[in-house]
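The block underneath contains the structure these notes are about, expressed in structure tokens.
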Amino acid sequence: MKNRISFKLDVRAYTLIIALIMIFVVFTILTNGDFISSRNITNLSRQMTVIGILAVGMTLIIVAGHIDLSVGSLLGLTGGIAAILQVWYGWSTFPVIIVTILAGILLGLWQGWWVAYKGVPAFIVTLGGMMIFRGILLGISGGQTVAPMNESFRVIGQAYIPYVIGYLLTAVLIVFAFIMVARKRKRRQKLDLALSPVSFDYGTVIVFSVLITLFVYMLNRYHGIPVPLLILLVIAGIFIFVSKNTTFGRHIYAIGGNPEAAKLSGINIKRNILSVFVIMGALSAVAGMVLTSRLNAGTVSAGQMYELDAIAAVVIGGTSLMGGVGTIVGSILGALIMASIDNGMSMMNVPPFWQYIVKGMILILAVWLDISSKKKTAS
Amino acid sequence: MSILEMRGITKEFPGVKALDNVNFKVKKGEIHALCGENGAGKSTLMKVLSGVHPHGTYDGKILINDKEQNFQTIRDSENAGVTIIYQELALVKDMTIAENIFLGNEPTSNGFIDWETMFYEANKWLKKVGLSIESNLKVSNLGIGQQQLIEIAKALSKNCEIIIMDEPTAALAEEEVEILINILHQLREDGITVIYISHKLKEVMRISDSVTILRDGQTIGTKGIDEIDESGIISMMVGRELKDLFPYENNKIDEVILKLDGYSFFEHKSKKPVTDDVSLTLHKGEVLGIGGLMGAGRTELATSLFGGYEGKAEGSVYIDGEKYEVKGPKEAIDKGLAYVSEDRKRYGLVLGMDVAKNTTMASLGQISSLSFINQEREIWETEKYNKKMRVKTPSLETKVVTLSGGNQQKVVLSKWLMSGPKILILDEPTRGIDVGAKQEIYKLINELTAQGVGIIMISSELPELLGMSDRVLVMADRKIMGELSKEEANQEAILKLATGGENIEESH
Ligand SMILES: Nc1ncnc2c1ncn2[C@@H]1O[C@H](COP(=O)(O)OP(=O)(O)OP(=O)(O)O)[C@@H](O)[C@H]1O
Ligand SMILES: [Mg+2]
């Protein structure tokens, strides 16, 4: 019975990658190669980090069958709290980070409690949250821009990793990937499970290694790996693992897929939903600090409309708004696609109104493609 | 002579050849049964016929009244006079009965919906299927059996020539089955052709004029009903003789494992309990059958005991001599309870997830440490239960939504077996399951009782209830009406107790 496990390619991930490559090619041609210059690649990867971090949390929320419209305000508020603590109260960077994340967790608890334990639809709770958090931010900041941040805080959003360390991290990552594949193959062999061909398993890792090395090389030709990008990658890595390999992750997918069946299987729906919102709160706080650090200020309007970008990224990445289906990798790619379009069109001096229109069209197209490809495989 | 002919139909899905050169011929005005094991391809054949799988996605020809048909959509097939009632009910729960019956066909005057005509017509069709309820009721208020009848009313309202019913009686209680049989006979008199899929062979023998048998996606043969008997159909279906459908073993009954004493359950603040003053005992290694009509409160008893409702319990429950407080499914599972629900799509499975993930869903603890899932272990365990239950699936990473109904049921059973229960509650465990698989499930019941598991089996199929239970309790109106020993239990005794309580809402 060795062949019971089908040999499976993640079609959706590949479509996204192809779409991304096409976008890159088009902009590279239209900008005479400026688009893939080291400098622009660096900019692009910095630009996508805030939405990327939000998209990680949003994926969990949407997979669980909910939505969070408040993340933009949540991000603005937590970013503002960080700025106020540091600028007005003179706190040093480390306690600011801790307290800001705690604030994010607390706000997440608040919303999660309403959704999970009081049964108010997430759409309503977070629509309320969107207004409440923006209101609080306006209140505590008195409408002022709070600046400037300390040197050490600016590291979060502005600094770069030294070249040597960047390459070292890459090497570690590649070695790790090889070890993981080897370990997986060994364990499957021991349990007498089907294995994909050696060439395929190691081929994927090799392609991945080459790409990542090339990418790091490009970044290092400019200033190095941006710290916020590293933060995003670490967060994404953790949650990719959590979503695939932990009972918590599995529970989220089950709840989103069929809450009634999940409940009767002994899954604690309320606690899991609460946890998802808490994670979203914490991640919004991290994103808020990255933004505050990058702008070197806390502003009242920070993060406005970011919730929509985050949701768009998640949906483009193939997550279903019905819940139960979606991947974090997809959402990160979705965020990258959105950021690339923004960045490329800005480079070409396309007026902003066109940028909105194009992004909107891409969103609809992406979902349509997804739906029609699903139909084809179904019948 | 033949109103319908399907020639050389082949249909492939990724990894499965569901239909392999199937030939199928139906005469005008007959009731033609379609039989076969789970996954034999019955539903797929009917989906091809009704345009769910459009022309071009399969090979072969469909002829209706000798004219070739190329259906692109369900609408096309309906226009050609073919209506299908699916195995899975497709009603909009939040709409009224009338709206459901005329969905997409609303009677209008001057372009606006003519509500009066709609309700009037709907009531007429309801009467035709023997339901004396008002058509302005919401479907969500109805039980699954009544919903099935609504589906039939809906199909009838389309004035079709060929009506396909995919396991229409799977969810019906005995008296509802009678109504259905009457309706079918009436249809035959009106010259309507019925294609009828069912795993209940007694019914097939009783109602149909001819029967076609499929096995592994191939036509095994078509027979007139007087040329064949039940065991003939079975051996054509499974390709071998099948003896002793109910392999009942006189179970060695051991100490008490579950005891309910004056147990009632109140949902939220409602005054009326979902189960009312129930007392019962279940022993290790015993099969306790629970009979009753649709809506007698059997499912509610099981669900509430399992912690599926929010609310308050009264009376006392002991598991293994220890007091048990109803809290939630998690706690119930920890105490060794398992509940195989009657509605697998709604309560049993996450349809978009694969076979492996569904199987391990209630036992993730077993395959993880520190809440990290061991994926290899997961596949290994699933493989084990899959083999035991003989689930027919292309791979363990196949989404359960694509499995045939019977195989989905087997996945649900695997899930609960894996949780290692001490008390297993089976709610209509063989609904939609073929005879071979049924017998496997009965054997499994024996295996479990031999290991000392106590089993509560809720069933509307009297032969099964009588064939497999050590004792039978009968419920009506949320109460226990009486208990019958193996010797006392027979069809009449059960029905008498089941109807002896208050009058049941429906009349016919
Ligand atoms: N949409 C689909 N995608 C992939 N495979 C499918 C799909 N629909 C059906 N199948 C497969 O085709 C085969 C036949 O399934 P079908 O539903 O026709 O069986 P059936 O005879 O109706 O069984 P049951 O009595 O259990 O309802 C099964 O192996 C099933 O897994
Ligand atoms: Mg079927």
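Chain B against chain A buries an accessible area of about 3300 Å², both chains summed, 1.4 Å probe radius. Along region A:135-145 the Karplus relation, 6.51 cos²θ - 1.76 cosθ + 1.60 evaluated at θ = phi - 60°, assigns HN-Hα couplings of x, 4, 4, 4, x, 6, 8, x, x, 8, 7 Hz to successive residues, with x for each Gly and Pro. What residues in region A:249-263 lose 20 Å² or more of accessible surface when the other protein chains are added to their chain alone (1.4 Å probe)? With the partner chains in place, region A:249-263 has these residues losing at least 20 Å²: A:Arg250, A:Ala254, A:Asn258, A:Glu260, A:Ala261, A:Lys263. Within the full protein context, the accessible area of A:Phe200 is estimated at about 70 Å² for a probe radius of 1.4 Å. The calculated 222 nm mean residue ellipticity attributable to helices in the protein assembly as shown amounts to -16500 deg cm²/dmol, summing -39500 (n - 2.57) over DSSP H runs of n ≥ 4 and dividing by all residues. Straight Cα distances below 17 angstrom link A:Lys244 to the aspartates and glutamates A:Asp10, B:Asp354, B:Glu376, B:Glu378, B:Glu397, with same-chain residues fewer than 8 positions distant left out. Here B:Lys128 sits with roughly 80 square angstrom of accessible surface, probe radius 1.4 Å. Considering only A:Ala177, A:Gly166, A:Ala194, the residue lying farthest towards the positive end of the dipole of region A:163-223 is A:Ala194, judged by Cα position with unit charges set on Cβ. Solvent-accessible surface of region A:185-268, taken per residue with a 1.4 Å probe and all protein chains present: 47 Å².
With K and R counted +1 and D and E -1, the other residues having a Cβ less than 13 Å from that of A:Thr126 yield a net charge of -1. Rolling a 1.4 Å probe over the protein chains gives A:Arg154 an accessible area of about 60 Å². Simple point charges give the picture: +1 on the Cβ of Lys and Arg, -1 on the Cβ of Asp and Glu, and for the protein assembly as shown a dipole about the Cα centre of about 3640 debye. Take every DSSP beta bridge whose two residues both sit in the protein assembly as shown; close to 60 percent of them are antiparallel.
Computed on protein heavy atoms with a 1.4 Å probe, the accessible areas place B:Glu121, B:Glu249, B:Glu174 in the order B:Glu249, B:Glu174, B:Glu121, largest first. Kindly flag which residue pairs out of B:Lys345/B:Lys486; B:Lys410/B:Lys496; B:Lys11/B:Lys410; B:Lys252/B:Lys330 have an alpha-carbon separation exceeding 28 Å in this structure. Beyond 28 Å: B:Lys345/B:Lys486; B:Lys410/B:Lys496; B:Lys252/B:Lys330.
Taking every protein chain into account, the accessible area of region B:344-420 amounts to 35 square angstrom per residue (probe 1.4 Å). Against the criterion of solvent-accessible heavy-atom surface with a 1.4 angstrom probe, A:Trp114, B:Trp115 sort, most first, into B:Trp115, A:Trp114.
For chain A, the share of accessible area belonging to carbon and sulfur comes to 73 percent (1.4 Å probe, ligands and nucleic acids excluded). Note on region B:2-238: with charges restricted to the Cβ of Lys and Arg (+1) and Asp and Glu (-1), its dipole about the Cα centre is near 400 debye. Cross-link partners of B:Lys28 among aspartates and glutamates, defined as those whose alpha carbon lies under 13 angstrom from its own and excluding same-chain residues fewer than eight positions apart: B:Glu5, B:Asp66, B:Glu161, B:Glu189, B:Asp190, B:Asp209. All other residues whose Cβ lies under 11 angstrom from that of B:Asp20 are scored, Lys and Arg at +1 and Asp and Glu at -1, for a net of 0. Please go through the residue pairs B:Lys93/B:Lys422; A:Lys270/B:Lys138; A:Lys118/B:Lys357 and name each one whose alpha carbons sit more than 31 Å apart in this structure. As for pairs spanning more than 31 Å Cα to Cα, those are B:Lys93/B:Lys422. Within chain B, the selection of entire DSSP H helices by a Cα span of 18 Å or greater along the long axis and an average Kyte-Doolittle value of at least -1.0 returns B:144-157, B:174-189, B:405-418, B:435-450.
Around A:Gly157, under 9 Å between beta carbons, what's the net of Lys plus Arg minus Asp minus Glu among the other residues? So the environment of A:Gly157 carries a net charge of +3.
Between the chain alone and the structure with every protein chain in place, find the residues of region A:179-199 that drop at least 10 Å² of accessible area; heavy atoms, 1.4 Å probe. At a threshold of 10 Å² (probe 1.4 Å), the residues of region A:179-199 that become less exposed are A:Lys184, A:Arg187, A:Arg188, A:Leu191, A:Leu193. Between the listed residues B:Ser369, B:Ile445, B:Ile455, the Cα displaced farthest toward the positive end of the dipole of region B:367-492, a dipole computed from Cβ unit charges relative to the Cα centre, is found at B:Ser369.
The values are calculated or read from the model by the stated rules, or taken from the named source; none is laboratory data. Bear in mind that the values here come from a model prediction, so they are computed numbers and not experimental data. Methodologically, a virtual Cβ is constructed for each residue, glycine included, from the backbone with ideal geometry; neighbour enumeration extends over all protein chains shown. Side chains included, ligands, DNA and RNA excluded: accessible areas come from the protein's heavy atoms. Shrake-Rupley method; radii C 1.70, N 1.55, O 1.52, S 1.80 Å.
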